[in-house]
Amino acid sequence: MAMVLNKVVPFGRSMDEYVKIFNLTNTDLNKRIIGIGDGPASFNAEMTRQGKRVVSVDPLYQFSSAEILQRFNEVVDNIINQMKATPNDWVWSYHQSPDDLRSNRIKVIQEFISDYENGKKSNRYVIGELPNLEFQNQEFEIALCSHLLFLYSDQLNYNFHLKSVDEMLRIAQEVRIFPLLTLMLKPSPHLDGIIEYYKAKDYRVSIEKVEYELQLGGNQMLKIARDVT
Ligand SMILES: C[S@@+](CC[C@H](N)C(=O)[O-])C[C@H]1O[C@@H](n2cnc3c(N)ncnc32)[C@H](O)[C@@H]1O
């Protein structure tokens, strides 16, 4: 699994952002959770500090904290400047401005870095990538996937999405994915197909509105769950 670091944008979200993105309740937060493509999010670090347990899986974890931080520092200004140049694409409410977003992203990566080496040793940060993950069937109750599936629909085709969701449903009872828009702020072309596929297989499928919106119009989350009733 060779990953090229200079293709990655290691931007991570906080636990509070994950809670809002995925409508996570206190009951949810006490479940067995896996974060897929968690990258340098601080969700795992903050959850661990609160005595909860999350496993994060990402190909990025083949790199050291110094390498990840260096890559972040290389790209951060460029990305913030791109956002400043496209003011109509973003909603400044949770993050109040591009500069506020920048300082929030710095806080998140610092939190991640301070937890990373310990978390690797205790198998909370695991190297792996969709569409094949090395976990047991139904090892988790919830699988979260933030800012990977649907967002990168131009790079990842429908078949990759289908195989990835299948794999997440193999290892977890329930899957939540956010956002449902592509990088071009369009609804993902793969979304309807995925919804129909799992509805036809008698999964409970729903789109939930969430409180968080940064990409304009990106305030919906997809939930797919095994019908256990
Ligand atoms: C934009 S970042 C999102 C990070 C985090 N989920 C968040 O929302 O803060 C996308 C992440 O997906 C990871 N990624 C790329 N391809 C992947 C794959 N096939 N399986 C799992 N993760 C992947 C990248 O390494 C990167 O960390």
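The values are calculated or read from the model by the stated rules, or taken from the named source; none is laboratory data. Please read all numbers here as calculations on a predicted model, not as lab measurements. With ideal geometry, Cβ positions are generated from the backbone for all residues, glycine too; neighbour counts draw on all protein chains shown. What goes into the accessible areas is simple: the full protein's heavy atoms, side chains included, and nothing from ligands, DNA or RNA. Shrake-Rupley method; radii C 1.70, N 1.55, O 1.52, S 1.80 Å.
Kindly provide the set of residues from the range 142-161 that are surrounded by fewer than 24 Cβ atoms within 10 Å (Cβ to Cβ), of a type in the set (A, V, I, L, M, F, W, C) and farther than 24 Å from Gly217 by Cβ, ordered by number. If the condition is that a residue be surrounded by fewer than 24 Cβ atoms within 10 Å (Cβ to Cβ), of a type in the set (A, V, I, L, M, F, W, C) and farther than 24 Å from Gly217 by Cβ, then Ile142 is the only one that fits. Report yes if Ala45 is out of contact with any Gly (no Cβ under 6 Å at 6 or more places or on another chain) and free of Cβ contacts under 8 Å to residues at least 12 places away in the same chain, otherwise no. In short, no. In the range 209-229, of all residues being under 17 Å from the mean Cα position of the chain (by Cα) and open to solvent by 50 Å² or more (accessible area, probe 1.4 Å), the one that is farthest from Lys84 (Cα to Cα) corresponds to Lys209.
Here's the yes/no breakdown for (1) out of contact with any helix residue (DSSP H, G or I) (no Cβ under 6 Å at 6 or more places or on another chain); (2) farther than 20 Å from Phe72 by Cβ; (3) open to solvent by 10 Å² or more (accessible area, probe 1.4 Å):
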{"site": "Leu5", "(1), (2), (3)": "no, no, yes"}
{"site": "Gly12", "(1), (2), (3)": "no, no, no"}
{"site": "Leu24", "(1), (2), (3)": "yes, yes, yes"}
{"site": "Arg32", "(1), (2), (3)": "yes, yes, yes"}
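Of the candidates Asp28, Asp58, the single residue that is within 22 Å of Val175 (Cβ to Cβ) and within 12 Å of the ligand (Cβ to nearest atom) is Asp58. Of everything in the range 87-113 that is open to solvent by 50 Å² or more (accessible area, probe 1.4 Å) and in a loop (DSSP other than H, G, I, E, B), the residue that is nearest to Met47 (Cα to Cα) is Tyr94.
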